[in-house]
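Before any comments, here is the structure.
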Amino acid sequence: LESFQWTIFIFSILIIFIAFIISFLITRKTLKPLKKLLSALDDADPDLKIFDDSDRTKDEIEKLSGYIWELTTRLKKQNEEFKQEQKTLSEVLNQMTDAVIIVDEKGSVKLANPTAKQIFLNQNEAAKDKTIVEYFRNHQIVELIKACQKDHKQKEISVELNQNKLF
């Protein structure tokens, strides 16, 4: 009976040791991607320090949640700043007496102020994402825009736009 007890004791110790090794390997394999992600976050933005380097008590999950929280906070702040800048730009463009039309590199109209809509008789139409050909309906203006995009230089043209003798 005593021999059987020692055998059970030795096998129990052996099983505990094997379980410890397996749990260590699984934990290490699980935490490896988290450590890589934390390292990449540290390298990408050195100012993004959630915990001090001396604070070794925080595990990877806590550090990652801190990073995510900090990044979310920064993103919300930047989004609010962007919305405020966009609102200011919109207010400035709406108050301008000159026509302003913003066109992207593909030739799509991204923004037109009310003066531009009035001049080009597009008051009731949404300017966004129309091509310059659809918006202006004037080959001389379209050619001028294409030339400006090609040369990256400011150019001028005088064109009669409608029956009201608008130039």
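The values are calculated or read from the model by the stated rules, or taken from the named source; none is laboratory data. Here the structure is a predicted model, which is why all the values come from computation and not from measurement. We place every Cβ from the backbone using ideal geometry, glycine too, and count neighbours over all the protein chains shown. Calculation scope for accessible area: heavy atoms of the full protein, side chains included, ligands and nucleic acids excluded. Shrake-Rupley method; radii C 1.70, N 1.55, O 1.52, S 1.80 Å.
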Qualifying residues in region 135-161 (those that are in a loop (DSSP other than H, G, I, E, B) and closer than 18 Å to ALA112 by Cα) - the one least open to solvent (accessible area, probe 1.4 Å): ASN138
Neighbours by Cβ (under 7 Å, 6+ apart or cross-chain): first from region 78-102, surrounded by 11 or more Cβ atoms within 10 Å (Cβ to Cβ); second part of a helix (DSSP H, G or I) and of a type outside the set (Gly, Ala, Ser): ASN94/PRO114; MET96/THR115; ALA99/THR115; ALA99/ILE119; VAL100/LEU93
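Could you tell me which residue of region 19-56 is modelled with the highest pLDDT, considering only residues that are open to solvent by less than 60 Å² (accessible area, probe 1.4 Å), part of a helix (DSSP H, G or I) and among the hydrophobic types (A, V, I, L, M, F, W, C)?
Within region 19-56, the subset open to solvent by less than 60 Å² (accessible area, probe 1.4 Å) is 19, 23, 31, 34, 38-42, 45, 48, 50-51, 55.
Okay, now just the ones that are also part of a helix (DSSP H, G or I), so 19, 23, 31, 34, 38-42.
Restricting the remaining residues to those that are among the hydrophobic types (A, V, I, L, M, F, W, C) gives 19, 31, 34, 38, 40-41.
Values: ALA19: 97, LEU31: 81, LEU34: 79, LEU38: 75, ALA40: 76, LEU41: 72.
Going through the qualifying residues, I end up with ALA19.
Anything in region 57-77 that is aliphatic (A, V, I, L, M) and surrounded by 12 or more Cβ atoms within 10 Å (Cβ to Cβ)? List them, or say none.
Those that are aliphatic (A, V, I, L, M) and surrounded by 12 or more Cβ atoms within 10 Å (Cβ to Cβ): LEU64, ILE68, LEU71.
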Yes/no for ASP129 being open to solvent by less than 80 Å² (accessible area, probe 1.4 Å), at pLDDT below 85 and out of contact with any Pro (no Cβ under 6 Å at 6 or more places or on another chain): no
Residue that is least open to solvent (accessible area, probe 1.4 Å) [pool: residues in region 103-114 that are in contact with a strand residue (DSSP E or B) (Cβ under 6 Å, 6 or more places away or on another chain) and part of a loop (DSSP other than H, G, I, E, B)]: GLY107
